[in-house]
Structures are given as C-alpha cells and as structure tokens.
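Okay, structure first, notes after.
The values are calculated or read from the model by the stated rules, or taken from the named source; none is laboratory data. These numbers were taken from a predicted model, which means no experiment stands behind them. Cβ coordinates were reconstructed from backbone atoms using ideal geometry, including for glycine residues, and neighbour counts include every protein chain displayed. These accessible areas exclude ligands, DNA and RNA; they are computed on the full protein's heavy atoms, side chains included. Shrake-Rupley method; radii C 1.70, N 1.55, O 1.52, S 1.80 Å.
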Amino acid sequence: MRSLIYSALLVLVAFGICHGEPRPGFGPGMQDWGFVEVRKGAHMFYWLYYTTAEDVTDYYERPLVIWLQGGPGASSMYGNFEELGPQTLELEDRNHTWVKHYNVLFIDNPVGTGFSYVEDKSLLTKTNAEIADDLVTFTKEFYARNPEFKNTPLHIYAESYGGKMAPEFAYQLDKAIKNGELHIELASVGIVAPWVSPIDSVLSWGNFLLNMGFVDTKGYRNIQAAAIETEHILNEGRFEDATWQWGRTEGVIVRETLGIDFYNVLFEQDYSASRSRLSMFERNMKQATVDSAVRLVSEDRDQMLEDLMRGPVAETLQLPAESVYNSQGSDVFQSMAGDFMKPAMHIVELLLNNTSLDVVVITGQLDLIVATPGNVVWVEKLQWDGRNQYLQAARTGIGSNGILEGYQKQYGNFYMYWALRAGHMVPADNPAVMDYILQKHAGYP
C-alpha cells in the first residue's frame, strides 16, 4: 500500500499538482519541479534548485532568480547544464553555479519548449505578448505553490531571444503586482545577448566580421546586401518573410566565413562540418534557420543534452510520457516566425519610464549573433527620461583578481555591461563578470 501511495505522489508531483517542497532530484542539492497549465492544454515545465549556500538558515533568505533561454524554442535546460546550473553536461560539479548563492528557477518557455508541451499545436504562442501572459499566469501559480518566496527578492534573467521575452514578462508582472494580483518583490530584469532590436544586430554583422578579419571586402558586401534586404522586407511589414531572410543572411555568413561559430567567433571552426551546414542552408533554408535558432551548440553536444534529458533526467524526475524533451521546439519557432524580427525596444522604454526595476543589459565582445555593436546602437536609441545623462555617463572597468573582465555604464535604473572574452553565453564564457553583475543587482554577503 505504501508503495502505491508513493507512486501516486510521484505522479502528482510530476504534473505539478502538489505544492512545492524541497526534495532530492537529479544531481546535487534539494530541488522542486513540475508543470503549470498556463492555458487549457498548454503545460509549462519548471525546475527549481534551492540554494546550497551554507550561511543561511532558510533558503528563502537568498534571492530567487528566474532563467529563460532563447530560440524561441531552445530549452532552459541548456542554461542549466551548459551555463549556470549545479552540474555540467558531463555531470561534473560546476564551480561557478548560480545555485551556490541563489535559488534558481529554470522555466522551459514558451510552451512547447524543452519539457513544456501543448496538447494541440494551435496552442503554441505566436507573439511576445502571449508569451508574457503565459509567464505571468505561471508566476501566479508558482507563488501559490511556494508562498515562502513571497518576501524574497525576485530577479528575471534571460538570454538571446529570452532577452526579448523577459522585458515584456517583467513589465506585465510589475503591472500585476501594482494591481494587487500578486504580492511579491520583483527587483530586476537582466538580459544577456538580448534580441531586443533584431535588425540592429543583423546590420552589424558585416562590419563586425570585416573588422575582426573573418571576411574580405567582397564578403562584407555580400553579407551587407543580405542584411539590407532583411531590413527592406522588415520595413514593408512582412515580418515572417524577414525571419526567413534573416536565415538567408546567416547562410551567406556561413559561406563567406567557412562556418564561423555564431555564438563565439573565437571557437574553433569545424571545416568539414561547415560545408555540411552550408549545404543544409542551400537545400532547405527554412529548416536550417529553425535549427540555427533552437540548436545552441555543436550537434554532438546538443545530442548529448537531448539524450540526458530524455533518459536519466526524465526517469529520475518521473516526467509524464506527454512531455518528450525537445519534441516541439521547432514548432515553437515556426509559430513565432511572424514575431521573431519585430523589435521590443518600446518594452524596455516602458520599463525605464514606468518602473523602478533595475534594467540590466549584458553583451559579450565575441558574440556574433547578437553582436555588441548592434546592442550599442539600439541602447543609445532608447527614449527614456535618463537618456541624455546615460549617453554622457562615464564607462568604467570591471576587475576581478587584478584582471580587467569588462566595462560598465549606468544612469538611474539602467545598466549596461560589456563582458570581455565572452560570446553569446556570458555566464559560461566569463563567470567572473557575471558574478559581479549578480552581486551588484541581486546581492549576497
């Protein structure tokens, strides 16, 4: 009888029916996980790691940090096992895990991403606003299950396309708090390599690659021509077509650079794999575009992550059969294709002009896909009360153990950080600068 009761409880926990409770999960430390049905038939997966900090009496004494991945359609399990969770993909302890100091909540978002799933593909989101609505619904249920976190400062951090989703999520969540729908302490939103103004990123690619020595003048012109065509299509309001033209521009870059790594231009290039990748762009540009957005590292490591999630992780966490890791990720991107190239600068402006939240932008100097020059362009175009003062503010250095790790610039509640020796995945490439940022905005003794 006891075994039957225990099995029933595992099923309830897996479907997110039970209230949150720290318990052993996969890997070290106490955890909680489950699903929230944000709309009928749309199930959002979360995995909470309680902090392993030794100098606290109760875990909720430390801040709660939400992590969202990009794509759209890339799972937050990438961030978990490749960037900032307690274990690496090889299941070794990660020295710079955020869990050492914070409670970290990974959310597979939008629905259909990672372990999240929809019962019918018509339930997939199509806009950034729909994503934000789902996330606010999720947050309300999460705090209903975990009321002990209500007085714990909350920080939302996201990467890449997550950097477009997070500002709208934070803005809508801030409104819900002010309307009395939630009683929590939202403190900051941090966006890493943020896809906030896609066209500014695309238009920066040619110059960035020319100045770094990855293309010659002819290659630059070919890339720039494809980028300008993307801008032209976008300006005509043909948003989905602009997404596929973005993919064609990536294909030009693959051809002209012989397969540069879009996420860190100094990573070694696999020459034979680059030819295969170019062939894929030429044979099926749309599928290659989707793969480029939802696959974040090498094919081998993506497969390692998928095998780990579908095997040991799913078995240990007793996840339901309906939730097959990464089975709907490509569908998520296809559903969001009409929103992908739309800018979200106006949401950042709303945050700056209408909230007291710290708004944090983080960019890696070796990132191509969301290159630093493009980030600087859209940041300096933002219309907010402190714009002129920010433009005139001094940029200062960030040091760690006598080493220059990056730069920072700030006015009011807006902060921008440049991470040296880092590409798209700043938490993994330069954990020292990321630790500095987290201490400054989330804090710990």
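Taking the stretch 154-206, which residues are of a type in the set (A, V, I, L, M, F, W, C) and in a strand (DSSP E or B)? Show your work before the answer.
Within the stretch 154-206, the subset of a type in the set (A, V, I, L, M, F, W, C) is 154, 156, 158, 165-166, 169-170, 173, 176-177, 182, 184, 186-187, 189, 191-193, 195-196, 199, 202-203, 205.
Within the stretch 154-206, 154, 156, 158, 186, 187, 189, 191, 192 meet the criteria.
Of everything in the stretch 313-334 that's open to solvent by 60 Å² or more (accessible area, probe 1.4 Å) and in a helix (DSSP H, G or I), which residue is nearest to residue 165 (Cα to Cα)? Show your work before the answer.
Keep residues of the stretch 313-334 that are open to solvent by 60 Å² or more (accessible area, probe 1.4 Å), which gives 315-316, 318, 321-322, 324, 327, 334.
So of that shortlist, the ones also in a helix (DSSP H, G or I) come out as 315-316, 334.
On the way: 315: 30, 316: 30, 334: 16 Å.
Checking each candidate, the answer is 334.
Is there a residue being of a type outside the set (D, E, K, R) and part of a helix (DSSP H, G or I) anywhere in the stretch 261-271?
Yes, the stretch 261-271 has at least one match.
Out of the stretch 127-153, which residues are over 15 Å from residue 346 (Cβ atoms), open to solvent by less than 20 Å² (accessible area, probe 1.4 Å) and in a helix (DSSP H, G or I)?
131, 134, 135, 136, 138, 139, 142, 143, 145, 149
Given the condition touching a strand residue (DSSP E or B) at 6+ places or on another chain (Cβ under 7 Å), aromatic (Phe, Trp, Tyr), over 22 Å from residue 315 (Cβ atoms) and open to solvent by less than 20 Å² (accessible area, probe 1.4 Å), answer yes or no: does some residue in the stretch 96-107 qualify?
Taking every residue of the stretch 96-107 in turn, at least one turns out to be touching a strand residue (DSSP E or B) at 6+ places or on another chain (Cβ under 7 Å), aromatic (Phe, Trp, Tyr), over 22 Å from residue 315 (Cβ atoms) and open to solvent by less than 20 Å² (accessible area, probe 1.4 Å).
Which condition does residue 337 not pass, out of (1) under 20 Å from the mean Cα position of the chain (by Cα); (2) in a helix (DSSP H, G or I); (3) within 30 Å of residue 116 (Cβ to Cβ), if it passes all the others?
(2)
I'd like the full set of residues that are closer than 16 Å to residue 86 by Cα and not aliphatic (A, V, I, L, M), limited to the stretch 430-445.
431, 435
Do you know which of the residues in the stretch 379-396 that are open to solvent by 50 Å² or more (accessible area, probe 1.4 Å) and aliphatic (A, V, I, L, M) is nearest to residue 407 (Cα to Cα)?
Checked the stretch 379-396; the qualifying residue nearest to residue 407 (Cα to Cα) is 394.
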